[in-house]
1. Would you mind computing, in nm to one decimal, how far apart the modelled labels at Met51 and Arg7 are, each placed 7 Å from Cα along Cα→Cβ?
2. Find the percent of Cα-Cα distances in the range 100-172 that exceed 13 Å, and round it to a whole number.
3. Can you compute the modelled spin-label distance between Ile107 and Glu123, with each label point 7 Å from Cα toward Cβ, in nm?
4. Compute the relative contact order of the range 1-74 as a whole-number percentage, counting only Cα pairs closer than 8 Å that sit 6 or more residues apart in sequence.
5. Got the relative contact order for the chain handy, in percent, Cα pairs under 8 Å and 6 or more residues apart?
6. As a check on your grasp of the helix formula, calculate [θ] at 222 nm for the chain: sum -39500 (n - 2.57) over DSSP H runs of n ≥ 4, divide by the residue count, round to the nearest 500.
7. Given an 8 Å cut-off on Cα distances and at least 6 residues of separation, report the relative contact order of the range 112-160 as a percent.
8. Dipole size in debye (nearest 20) for the chain around its Cα centre, Lys and Arg Cβ +1, Asp and Glu Cβ -1?
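Each reported figure results from applying straightforward, stated rules to the coordinates on display, with no laboratory input. The structure presented is a predicted model; accordingly, all values stated were derived computationally and were not measured. Cβ placement follows ideal geometry from the backbone for every residue including glycine, while neighbour counts extend to all protein chains displayed.
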Amino acid sequence: MIHKLLRLKQFIPHEFHESVYDIDLEQLQKQGIKLILSDLDNTLISYDEDMPSQENITFFKKVQECGFEIVLVSNNVAARIEKYTTSLREKGFEINGFANARKPLNIGLKKAYKSATKVYPKEEVVVIGDQLLTDIWGANRFDAYSILVNPIRKKTEKWYTKMNRKTEVKMIERIKNETPDTYKRLGLEKRK
């Protein structure tokens, strides 16, 4: 029922990809994107993992080669983010992370944005995440470019994320029914 009260436009990402590894970083670079604010849980690693995978390392190398700055923004606890970012720093990546971001509120996104090494105009910022109700809604409220990816492993999600997913399914159904061209253009039929 709540999904009917929410404005649909706020939940429509600019892009959808099956995973972060399918994002065309070179295309983002051509668009003028310079700062990536990325979610952690079920975007880069599942909830039952806490260290960067080899795929993550390859992704961060490509991000670095393209000249992007990246900051992690998570609604999870600080210890989890710190463990992950410390491991990345030990591998030579300069990546900060912010926990307890309270997405879709802008508090955490603003902190992450302000922590960047330089000031980027909002049109040079992309937010990447796996949830419409936190990551994409937050990104769109923050006036950043938004990219939705499929969650890595839903079985590992916490109860409140599972509740969000039920509303998310209804929102995607609304996108399909009310803006079929957008639904098709984004490829949301591949949404898991």
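1. 4.6
2. Details: 1781 of 2628 pairs.
So the portion of pairs separated by more than 13 Å is 68 percent.
3. Going by the 7 Å Cα→Cβ label model, 3.2 nm.
4. Values: 44 pairs, mean separation 29.0, N = 74.
About 39 percent, as a whole number.
5. On the way: 313 pairs, mean separation 57.3, N = 192.
Relative CO of the chain lands at 30 percent.
6. Working: 8 runs with 75 residues, N = 192.
One gets -11000 deg cm²/dmol as the mean residue ellipticity at 222 nm.
7. Working: 46 pairs, mean separation 16.0, N = 49.
Across the range 112-160, relative contact order equals 33 percent.
8. On the way: 34 positive and 27 negative charges, 162 e Å.
The dipole magnitude comes to about 780 debye.
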